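Have a look at the structure below, then the notes.
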């Protein structure tokens, strides 16, 4: 993404130096290229008079004023412009007048030839005008000007817009028109290509993390794409060329969305709610305001002027900067890059506005300043999101290490308790030998010893039937329960299934990452098995090494296979880390169900083992169901 930003900056750096050398600029609002034989006068303007036509404006003695900056502000009654031209060449030639602010409602242009007292054809463009009605299909408003050899002409423009009358004008020949369009298409392609990469990257993070921040960020990106399509004119050129009734309101709607969606993103990403106070109140108020503005622009656009969105937008920029800086100072880890990103966008936007106001010169840098700032902001915000992923991953690793230390401490404490019990038992035995002579006290002491021995035996029985590493049942306990469940299933005629599972390539895990990490893998797999054995009678046991077995009373083959598939998927999605390196873990499972031919424990386990062997031969990380064995067939031997 940074490479794309640098490429865009380098491209714009070269823009002012491409093409023919600029002719002497007759006005600060009009750029000319390829016009060596064309004398160009100053651009003059006249406010109001929306009902007059071209002939009336040309004939009347009106107070025309020189236009010294490419911006007339908001003019509800519109404005008129005029420009004098003289073709000093010896051949007729066509030039093109470009108005590079394609969000104005209607701009009509007509050419008057004073030498022959005739008018050219009226040409109309604007975002409230269908593309097919324009003189030339282009993302800018382009008007071809035909000038015979040696003849003078006056260009009249009538402008009407609800938005600010920004007037970045350019007068060029056909070659410069083609080159300029290629440059604009290249620039916008770079922008949208970079945005597409950022959108796909954040969509992938949304899928894997399920974090709503990425969804809101993608919404912001799409709103910005909508805005850029509108202000560059490419939206009306390619996407909605013949819908002028909608196109006329897209500029305000896309701008409102570009305020509304980043506020939603900031509320979630920066966690503003937990800070409360004025930070929360201001953020919620601005979000609500822009939400209302979006709805009003969609449903009642004529009432949107009562929202004073231009003034609120300026206030919004100042207030949101204060909010992000406040969160940065209060230690919010994400506010630093967010503040830098927002400042970058505001800085480039200010440059663009100053150029449109005549304070800075109009060139590729200033005219496309907001585009550059927007792309830089998106790159920085993507970096902020990536930084948060790293922080959360480090916290998760720290939590896992803490849990490991707690588990080790618990094991040590358990060993100390067993040692203490053994010492207490030895002491009790010595006391019994001393008190043998006293019958009553001997009887009482023996009774106490009996109770102690029963408790110790119960504990020893539990320990003798439990695997110390995984805390699952061990093989001895499982074999006993299997025999009981088979007899019970045969009496009741109920189904009984057995899952035999083996961790894939476990020896490679031990050899690559060490036995402590291998033990952790066994514990993680054991936890998944235990979580899937929640019914009464379900038993998960460690059968030996990396092999596990699950006893499922009451489940037929189809249900057992579904449970086994759930276990396999859960283990495949375990997020194991060895240091900074993620480690994938998969498991293969064999399923066998009690049938008339599989009634002995050894036969049922042998069938499950054969299914497990089939799953491993088929590529591992899958579930296989044991084929039904007919009476008289030899069941395969259980794998070692």
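The values are calculated or read from the model by the stated rules, or taken from the named source; none is laboratory data. The model shown is predicted, which means the values in this text are computed figures rather than measured ones. No Cβ is skipped: glycine too gets one built from the backbone with ideal geometry, and neighbour counts run over all protein chains shown.
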(message) Please pick out the residue among 564, 530 that is surrounded by 20 or more Cβ atoms within 10 Å (Cβ to Cβ) and modelled with pLDDT of 90 or more.
(response) 564
(message) As an exercise: evaluate residue 381 against (1) farther than 21 Å from residue 170 by Cα; (2) touching a helix residue (DSSP H, G or I) at 6+ places or on another chain (Cβ under 7 Å); (3) without any contact (Cβ under 8 Å) to a residue 60 or more places away in the chain and give the number of the one condition it does not meet.
(response) (3)
(request) State yes or no: is residue 163 in a strand (DSSP E or B), closer than 30 Å to residue 74 by Cβ and assigned by TED's automatic domain parsing to the domain that holds residue 32? (result) no
(message) Can you confirm whether residue 288 is without any contact (Cβ under 8 Å) to a residue 24 or more places away in the chain, surrounded by fewer than 14 Cβ atoms within 10 Å (Cβ to Cβ) and at positive phi?
(response) no
(request) Tell me which residues, restricted to region 155-167, are out of contact with any helix residue (DSSP H, G or I) (no Cβ under 6 Å at 6 or more places or on another chain) and either crowded, with 19+ Cβ neighbours inside 10 Å or free of Cβ contacts under 8 Å to residues at least 12 places away in the same chain (or both). (result) 155, 157, 158, 159, 161, 162, 165, 167
(message) Anything in region 528-563 that is over 22 Å from residue 468 (Cβ atoms) and either free of Cβ contacts under 8 Å to residues at least 40 places away in the same chain or assigned to a helix (DSSP H, G or I) (or both)? List them, or say none.
(response) 534, 535, 536, 557, 558, 559, 560, 561, 562, 563
(message) Every residue in region 118-152 that is surrounded by 20 or more Cβ atoms within 10 Å (Cβ to Cβ) and closer than 20 Å to residue 40 by Cα, please.
(response) 141, 142, 143, 145, 147
(request) Return the total of residues in region 103-139 being assigned to a loop (DSSP other than H, G, I, E, B), touching a residue at least 40 places away in the same chain (Cβ under 8 Å) and farther than 22 Å from residue 241 by Cβ. (result) 1
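Quick check: anything in region 140-151 closer than 30 Å to residue 228 by Cβ, assigned to a loop (DSSP other than H, G, I, E, B) and in contact with a strand residue (DSSP E or B) (Cβ under 7 Å, 6 or more places away or on another chain)?
Taking region 140-151 and keeping what is closer than 30 Å to residue 228 by Cβ, we get 140-145.
Of the ones still in play, those that are also assigned to a loop (DSSP other than H, G, I, E, B) are 140.
Within this subset, residues satisfying the condition of being in contact with a strand residue (DSSP E or B) (Cβ under 7 Å, 6 or more places away or on another chain) are 140.
Looking for residues that are closer than 30 Å to residue 228 by Cβ, assigned to a loop (DSSP other than H, G, I, E, B) and in contact with a strand residue (DSSP E or B) (Cβ under 7 Å, 6 or more places away or on another chain), one finds at least one in region 140-151, hence yes.
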(message) With part of a strand (DSSP E or B) and assigned by TED's automatic domain parsing to the domain that holds residue 608 as the only criterion, which of 494, 512, 588, 566 stands out?
(response) 588
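Consider residue 15 carefully, then state whether it is surrounded by 13 or more Cβ atoms within 10 Å (Cβ to Cβ), under 30 Å from residue 384 (Cα atoms), modelled with pLDDT under 90 and in contact with a helix residue (DSSP H, G or I) (Cβ under 6 Å, 6 or more places away or on another chain).
Details: surrounded by 13 or more Cβ atoms within 10 Å (Cβ to Cβ): yes; under 30 Å from residue 384 (Cα atoms): no; modelled with pLDDT under 90: yes; in contact with a helix residue (DSSP H, G or I) (Cβ under 6 Å, 6 or more places away or on another chain): yes.
So residue 15 fails the test.
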